[in-house]
Every structure is written in C-alpha cells, then in structure tokens.
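The values are calculated or read from the model by the stated rules, or taken from the named source; none is laboratory data. Here the structure is a predicted model, which is why all the values come from computation and not from measurement. Cβ placement follows ideal geometry from the backbone for every residue including glycine, while neighbour counts extend to all protein chains displayed.
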Amino acid sequence: MITQTNPLPATAAGTWTLGDLPVRRIGLGTMRLAQTGAAFHPDAAPRDRDQAIGVLRRAVELGVNHVDTAAFYFSATRSANELINRALSPYRDDLVIVTKVGPGRDLAGAWLPHATPAQLRGQVEENLRQLGRDHLDVVNLRVLGDAPVAERFGALAELRERGLIRHLGLSNIRAHQLAEARAIAPVVCVQNPFGLGAATPEQEELLRACGEQGVAFVPFYSIAGSGRDKGAGLPEPEALRALAESRGVSTAQLRIAWTLHQGPHVLAIPGTGDPAHLEANVAAAGLRLSGDELAVLDCLHRAVAS
C-alpha cells in the first residue's frame, strides 16, 4: 500500500525548477477536463462543469502546483483554460500554469495547420484572455514532424522579451530541434510522449540528454501509453498486474511511479477529470520502487517497447 504522512501528497516526489519556478514533480494535465471519453473526439460528452472545477481545486489542495493546459483543449461547451480560470483564479503565487501553442482548432473542433510565427502571438494572447492573466508562466512550442523550429521559437522568444511569457519549452520534438531552440533562447522543459512500454530509443536518449542539460523532461501519455489520446484501455501485461497486486496499488500508479523514477528532472502530468483518479495519481508520488521492482518494470518496458 502507498503510505503518506505529508499533508500535501504531491510533495512526496520532490520538486524541480522550471527556470525560476519550483514545481512538484507530480502535476495535472487538463486535456480530459473539457470532455469525457477520448480526447478531441467530436461526439464526446462535455464533462460536468462542477466536477471539473472540483478536480482542479482538489489538485491544488493535494499540493499540485504544476498545471498543464492549452487553448485547444476544448469541447462544444467546455474549455480547459476557462475552467482553470474559474476554479483557481485569483491564482496562488506558487501555481505554475504551462500552456502550449503551435496547433489550433476551429470552432467546430477541426485541427488547423501549424501556426505561422505571425499567428503565434494571437495564440499566446488567446491563452492570456482565457486564463485571465497578464503573462504566461511557461509556453511550449508544439512541433509537428521534423520541421525547423528556429523561426517559430524565435517569435516566442520575442514575446518573452516583451514580458508576455516568462519561460519557454518545447513539445513533441526530436533532439536536433532542442539544440536548434536552445541556440535562440533558454528551454526549461521538453514535453514528449513517453511511458512504460511506450518509448522509442530516440525518446529515451532525449530524456537522458535533457537531464544532462538541466532541462525538465515532461512525459505525456505516461498512463495511456500506446493508447495516447484515446486513453488507457488495452489489457495490462501480466507482470505489471502481478506487481500492482503485490503492492496493493493500481497499474496506473505503478506507471506513474516508474516514470518518476527515470530521473529527478522527469515530471509527470497525468491527465484526468475524475476525482478518484486524481487522488490515486497524486498518491503515486509517494510510491517507492525497490531495485528488484524497477528491474521487473524495466524488463517489461524493453519487451513491450521493442
């Protein structure tokens, strides 16, 4: 069983600093706040507003101070950014809200082409309006494919110089794109797909490189794995289920704990709109894995990912 004596369970995994902003290593992703079911599915039902607001407020009560969002996290009648504004404004001084720009969606929810440098300012301003802030703590440039990032990252660096953005990060990138961006402005985080049994050798090398360079590595889909935006749902491997049963925890909690064990610079932002899942996810910050347990999970990771 997970035991927790600290009144703020999110503190159990320690902290990392994004630029000059300390964050607990367990955070909250808000992709699923706006709707139930698969993320971005046009027929998904909007999530109950009071439930979504309650999840956000409860996360902060549990010690979470790293909230990940985007203006394109919305359903027909819900917007993650506006829910955050409603639930958490006026914002605590230690709360760090990380958003991302680059892709966009029209009012019907259809994806739009990647933003040009000129369009990125509009996306930043859209996040500012929805969140009710005069600056954004961290903005990740979301990258599609292997395209150069210098021009677009440079546009965000200019907004940083003007005070609209405090720190910059990258999302969905490759190693050469990190180097390209760091030649323009400091990068405080890289947000990439990574999870137990769902990581390429390139992603594992990027995780290590981020640690060497003092850059936070922030996996998304750490629970969903290969299910990605559809969420978890595939049968779990027998070895994972057996270990979870022996420890009295869920397989999702083991996945989060394994993620956090990948390095002190690794942050977890499991997304949920379900109050019970939130409690369990944050409790996983206090789950310590033995060397033998890590060996089992590492072996499973290599077998599934290969």
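One table, with the values for the structure above:
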item: Residues being touching a Pro at 6+ places or on another chain (Cβ under 8 Å), touching a residue at least 40 places away in the same chain (Cβ under 8 Å) and either within 27 Å of Asp94 (Cβ to Cβ) or among the charged types (D, E, K, R) (or both) - total across region 132-180; result: 3
item: Top-ranked residue of region 1-59 - restricted to ones that are among the β-branched types (Val, Ile, Thr) and modelled with pLDDT under 95, ranked as nearest to the chain's Cα centre (by Cα); result: Thr36
item: So Ser226, is it at pLDDT below 95 and either outside any helix (DSSP H, G or I) or among the small types (Gly, Ala, Ser) (or both); result: yes
item: Candidate set from region 181-202 (those that are without any contact (Cβ under 8 Å) to a residue 40 or more places away in the chain and surrounded by fewer than 20 Cβ atoms within 10 Å (Cβ to Cβ)); member that is nearest to Tyr221 (Cα to Cα); result: Pro193
item: Hey, Ala305 small (Gly, Ala, Ser), under 23 Å from Cys210 (Cα atoms) and over 20 Å from the mean Cα position of the chain (by Cα) or not; result: yes
item: Filter result for the condition that a residue is out of contact with any Ser or Thr (no Cβ under 9 Å at 6 or more places or on another chain) and either hydroxyl-bearing (Ser, Thr, Tyr) or under 18 Å from Arg247 (Cβ atoms) (or both), over Ala295, Ala280, Ala268; result: Ala295
item: Pairs with Cβ under 6 Å, 6+ apart, first in region 282-298 and under 27 Å from Val64 (Cβ atoms), second surrounded by 15 or more Cβ atoms within 10 Å (Cβ to Cβ) and of a type in the set (Val, Ile, Thr); result: Val282/Ile26; Ala283/Ile2; Ala284/Ile256; Ala285/Ile26; Gly286/Ile2; Leu287/Ile2
item: Test set (1) modelled with pLDDT of 95 or more; (2) over 16 Å from the mean Cα position of the chain (by Cα); (3) of a type in the set (A, V, I, L, M) - Ala147 fails condition number; result: (1)
item: Leading residue by the ranking (farthest from Pro219 (Cα to Cα)) among those in region 27-36 that are buried (at least 24 other Cβ atoms within 10 Å of the Cβ) and polar (S, T, N, Q); result: Gln35
item: Region 81-118: number of residues that are at pLDDT 95 or above and farther than 20 Å from His167 by Cβ; result: 7
item: Residues (farther than 24 Å from Val190 by Cα, among the hydroxyl-bearing types (Ser, Thr, Tyr) and not in a loop (DSSP other than H, G, I, E, B)) located in region 250-306; result: Thr251
item: Checking Pro235 against (1) in contact (Cβ under 8 Å) with a residue 24 or more places away in the chain; (2) part of a loop (DSSP other than H, G, I, E, B); (3) of a type outside the set (A, V, I, L, M), the condition it does not meet; result: (1)
item: Only listed residue being in contact (Cβ under 8 Å) with a residue 40 or more places away in the chain and surrounded by fewer than 23 Cβ atoms within 10 Å (Cβ to Cβ), chosen from Arg49, Arg24, Arg58, Arg129; result: Arg58
item: Checklist (1) within 26 Å of Pro264 (Cβ to Cβ); (2) modelled with pLDDT under 95; (3) surrounded by fewer than 19 Cβ atoms within 10 Å (Cβ to Cβ) applied to Gln213, failing item; result: (2)
item: Number of the exception - Ser246 against (1) assigned to a loop (DSSP other than H, G, I, E, B); (2) surrounded by fewer than 20 Cβ atoms within 10 Å (Cβ to Cβ); (3) polar (S, T, N, Q); result: (1)
item: Lone unmet requirement of (1) at pLDDT 95 or above; (2) touching a strand residue (DSSP E or B) at 6+ places or on another chain (Cβ under 9 Å); (3) more than 19 Å from Val190 (Cα to Cα); (4) acidic (Asp, Glu) for Asp68; result: (3)
